């Protein structure tokens, strides 16, 4: 039944279509108007292309285009064959949202949104910026807000706890019976607590630390103490007794440290530390003061410097004891240890370590710089000691420092830069209050060089570097050369004195100078040979040193007159005479004035433990005049030789011959030695790296100076040789007569211009 019905309807529609076509006579997509076929606009029919699409009419037909954000499915669909579907830009990654934004798809489009905790900031290239929730009070009281990316954190303040309801509530620290220990009462406060110490205990202003026993009796003073030290101890005792005050009226740690250093600065500046007992009291007071002041300092590291003191103090506080290495330094020392050594067995909640350096301790206490009784043979060995570093005091909060579990290290800077050698040795020492002396027990020298010494000590106290000066023993060869040379010089000088005194053929100004020079050198050499080692008597040794000082200076003054006379003879020619009064004033008066001034200003400079000569620090009283005379004589000698060479070359052209030049040079060098030129080698003996060769050259030349004078002015003089020959022939012939021509010899050539006689050229210079 039904199939027949469908067929009927189809045939009916087909007939209707054919009928209409025949009736209209227009193609599909056109319609007849006034017997004319015109385009039929299919897009007039609503929803012909469906939703999300646009209809576009064409001549005889139409087409559909999907809206933006949609696409046809299938492509080029018509109303009856397809539809437009949404494009999901978020899944297909065609959106333009930044990486920190979220993409949300919509019908035909999408949206970019920021996650929670961020906001869209157009100024950041359309990116998301974090929302600072902490701008508003989102955490409440007793807490702090910490902003995070996209969120925030609420952290309770110290002493408060974050309970389950999200609010911060006070923690009652006093519920822990060990928080303040048994020597204090715990008082709870919102967010904190206070340990109120019992009488006789203190936490030195660290109110949340355990209380330890205090004893202010250590700041008591004796009646015989220095007044300034009494004042210092009284101030510290008052500060100690005020530790239990809670009204805030007591002085701060910084104020106490400043008062301490003001007092110590005055004590050191006035030189009031006069003996070992006074030094023990002073160092003990400083150590006890630092134990009182150190815990009260607020800063982690405090440095303070005055004219005579320098200190650095490190302080740590907290519930847990500090750990690791700690290093302190002053202007002259470096102190290394660890916090475990500083803390010790018990930790009350604070710890400190201090290093104090005293700048002028050396000058105020030279006379008690001795090693302790543990080196009883040092005096017999003639070993002397002196401090070669500043004294430092190392203090820690650990009360048990007599035997440390780990040694501490101190590196000292030397006051005098002297390398260790056979005559110098360095020792690490501490001040032993019981013995009143420096001791080396418990301290070892780790290493040492010319500028620094490192010490490793198993206890803490006041430390320094002690320099031991060992007497350098003169070698047998050097002593033999000195004695033989002096004996030979004494014999030659004795002959010179007789010759210059009784040989009338050479009398004159230069002869007088040579005579007094020989006398001074003879007496000086004789005193040196007989009394240089007379150290058994301090007075006799000082007299010997004074005589040597005078006669050696006098010899140099006569050498200066010799140089002046040579200059006048060669350069001035006709003005060759010096008045004897002037010569005596220079030769004996100047040395006498120098010796008198030196003896009055520094009488201890005459005589040493090894030799009866000038002390090393007093050597300038001899060395400065000698240097001046040697420099002046060198100038006179250069000018004289230059002028003399001009005269000889003009008078005798053959002087350029090798033999004459050699003889002239040898004579000139010998004359330079007579004028004191050999003492130039003595300058090298004051250098630390002075060689042994210089020592031997200096010894040989100076011990043979008398022999050089005898050779120069006696053996090389033609007149003197003639007199010697006459004397020898007279003795040999055993005749009583006098030589008639002894008194008729020509007067001293020093009164006349130098001749060009080549045979006497050597004697004339």
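The values are calculated or read from the model by the stated rules, or taken from the named source; none is laboratory data. What you see is a predicted model; the values in this text were computed from it and never measured. Ideal geometry is used to build each Cβ from the backbone, glycine not excepted, and the neighbour counts take in all protein chains shown.
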**OP:** Could you look through the range 465-484, keep only residues that are in contact with a helix residue (DSSP H, G or I) (Cβ under 9 Å, 6 or more places away or on another chain) and either part of a helix (DSSP H, G or I) or loosely packed, with under 12 Cβ neighbours inside 10 Å (or both), and pick out the one that is modelled with the highest pLDDT?
**Re:** 484
Original post:
Is it the case that the range 415-425 has a residue that's touching a helix residue (DSSP H, G or I) at 6+ places or on another chain (Cβ under 8 Å), over 23 Å from residue 288 (Cα atoms) and not in a strand (DSSP E or B)?
Top reply: yes
Original post:
For the range 31-64, how many residues are closer than 17 Å to residue 107 by Cβ and assigned to a strand (DSSP E or B)?
Top reply: 2
Original post:
On the given criteria, is residue 549 assigned to a helix (DSSP H, G or I) and either closer than 21 Å to residue 490 by Cβ or assigned by TED's automatic domain parsing to the domain that holds residue 594 (or both)?
Top reply: yes
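Quick grid of which residues meet (1) outside the structural domain of residue 236 (by TED's automatic domain parsing); (2) closer than 22 Å to residue 462 by Cα; (3) in contact with a helix residue (DSSP H, G or I) (Cβ under 6 Å, 6 or more places away or on another chain); (4) in contact (Cβ under 8 Å) with a residue 12 or more places away in the chain:
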| position | (1), (2), (3), (4) |
| --- | --- |
| 252 | no, no, no, yes |
| 260 | no, yes, yes, yes |
| 269 | no, yes, no, yes |
| 288 | no, yes, yes, yes |
| 300 | no, no, no, yes |
| 308 | no, yes, yes, yes |
Subject >> Every residue from the range 554-572 that is within 17 Å of residue 518 (Cα to Cα) and without any contact (Cβ under 8 Å) to a residue 60 or more places away in the chain >> reply: 554, 555, 558, 561
**OP:** Would you point out the residue of the range 300-355, among those that are part of a helix (DSSP H, G or I) and touching a strand residue (DSSP E or B) at 6+ places or on another chain (Cβ under 9 Å), that is nearest to residue 287 (Cα to Cα)?
**Re:** 342
**OP:** Out of the residues in the range 132-153 that are in a loop (DSSP other than H, G, I, E, B) and surrounded by fewer than 16 Cβ atoms within 10 Å (Cβ to Cβ), state the one that is modelled with the lowest pLDDT.
**Re:** 137
**OP:** Look through 519, 527, 571, 487 and report the one residue that is at pLDDT below 80 and more than 46 Å from the chain's Cα centre (by Cα).
**Re:** 571
Subject >> Selection within the range 291-305 - over 24 Å from residue 215 (Cα atoms) and crowded, with 18+ Cβ neighbours inside 10 Å >> reply: 302
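Conditions tested, residue by residue: (1) buried (at least 20 other Cβ atoms within 10 Å of the Cβ); (2) touching a strand residue (DSSP E or B) at 6+ places or on another chain (Cβ under 9 Å); (3) touching a residue at least 60 places away in the same chain (Cβ under 8 Å).
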| residue | (1), (2), (3) |
| --- | --- |
| 486 | yes, no, yes |
| 501 | no, no, no |
| 512 | yes, no, yes |
| 518 | yes, no, yes |
| 534 | no, no, yes |
| 552 | yes, no, yes |
Subject >> Selection status of residue 188, assigned to a loop (DSSP other than H, G, I, E, B) and either over 30 Å from residue 242 (Cβ atoms) or in contact with a strand residue (DSSP E or B) (Cβ under 9 Å, 6 or more places away or on another chain) (or both) >> reply: no
Original post:
In the range 388-414, what residues are outside any strand (DSSP E or B) and crowded, with 16+ Cβ neighbours inside 10 Å?
Top reply: 388, 389, 390, 397, 398, 401, 404, 407, 414
**OP:** Could you please let me know if residue 47 is at pLDDT 70 or above and surrounded by 14 or more Cβ atoms within 10 Å (Cβ to Cβ)?
**Re:** no
Subject >> Among (1) exposed (fewer than 15 other Cβ atoms within 10 Å of the Cβ); (2) over 46 Å from the mean Cα position of the chain (by Cα) - the single one residue 200 does not satisfy >> reply: (2)
